[in-house]
Amino acid sequence: MERLYRLGLREAVERVREGGLACAELMRACLARYAQLEPHIEAWQWIDPARAMELAERADARRRAGEALGSLHGIPVGVKDIVDGFGGGGRGGDGP
């Protein structure tokens with residue numbers, strides 16, 4: 001089984017862009033790794049796996065439709081909690 005969470009950025013971007021890797025597949029791998037490690041490292045204040053999968057599936061649909069893609073199209077990213085956006089709100093380290 002390929003460990004997709006280990007892909008470098010360049011390879012992930014190329015594989016998504018070429019259609020050899022679905023954004024949803026990459027997101028599932030990252031979320032599975034998150035679920036495995038987060039109880040031990042407690043790095044994330046807030047995460048919405050359902051929303052992440054929805055956005056990944058939408059990114060796949062846009063690629064299949066032939067839409068112009070941004071440089072990081074479909075690549076999972078983490079956003080520091082001091083940034084207000086993505087529906088999570090900027091908490092600056094405060095609890096939910």
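The values are calculated or read from the model by the stated rules, or taken from the named source; none is laboratory data. Computed from a prediction, not measured in an experiment: that's the story for all the values here. No Cβ is skipped: glycine too gets one built from the backbone with ideal geometry, and neighbour counts run over all protein chains shown.
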Filtering the stretch 7-49 down to residues that are loosely packed, with under 12 Cβ neighbours inside 10 Å and either aromatic (Phe, Trp, Tyr) or touching a His at 6+ places or on another chain (Cβ under 8 Å) (or both) yields TRP44
Going through the stretch 1-41 in order, the residues found to be of a type outside the set (A, V, I, L, M) and in a loop (DSSP other than H, G, I, E, B) are GLU2, ARG3, GLY8, GLY19, GLY20
- Determine whether the stretch 61-76 contains at least one residue that is within 24 Å of ARG6 (Cβ to Cβ) and part of a helix (DSSP H, G or I). yes
Can you find a residue that is in contact with a Phe, Trp or Tyr (Cβ under 7 Å, 6 or more places away or on another chain), outside any loop (DSSP other than H, G, I, E, B) and under 22 Å from LYS80 (Cβ atoms) anywhere in the stretch 42-50?
no
Of (1) outside any helix (DSSP H, G or I); (2) at pLDDT 95 or above, ALA56 fails just (1)
Reported set for the stretch 50-69 where residues are farther than 18 Å from ARG15 by Cα and surrounded by fewer than 14 Cβ atoms within 10 Å (Cβ to Cβ) is ALA50, ARG51, GLU54
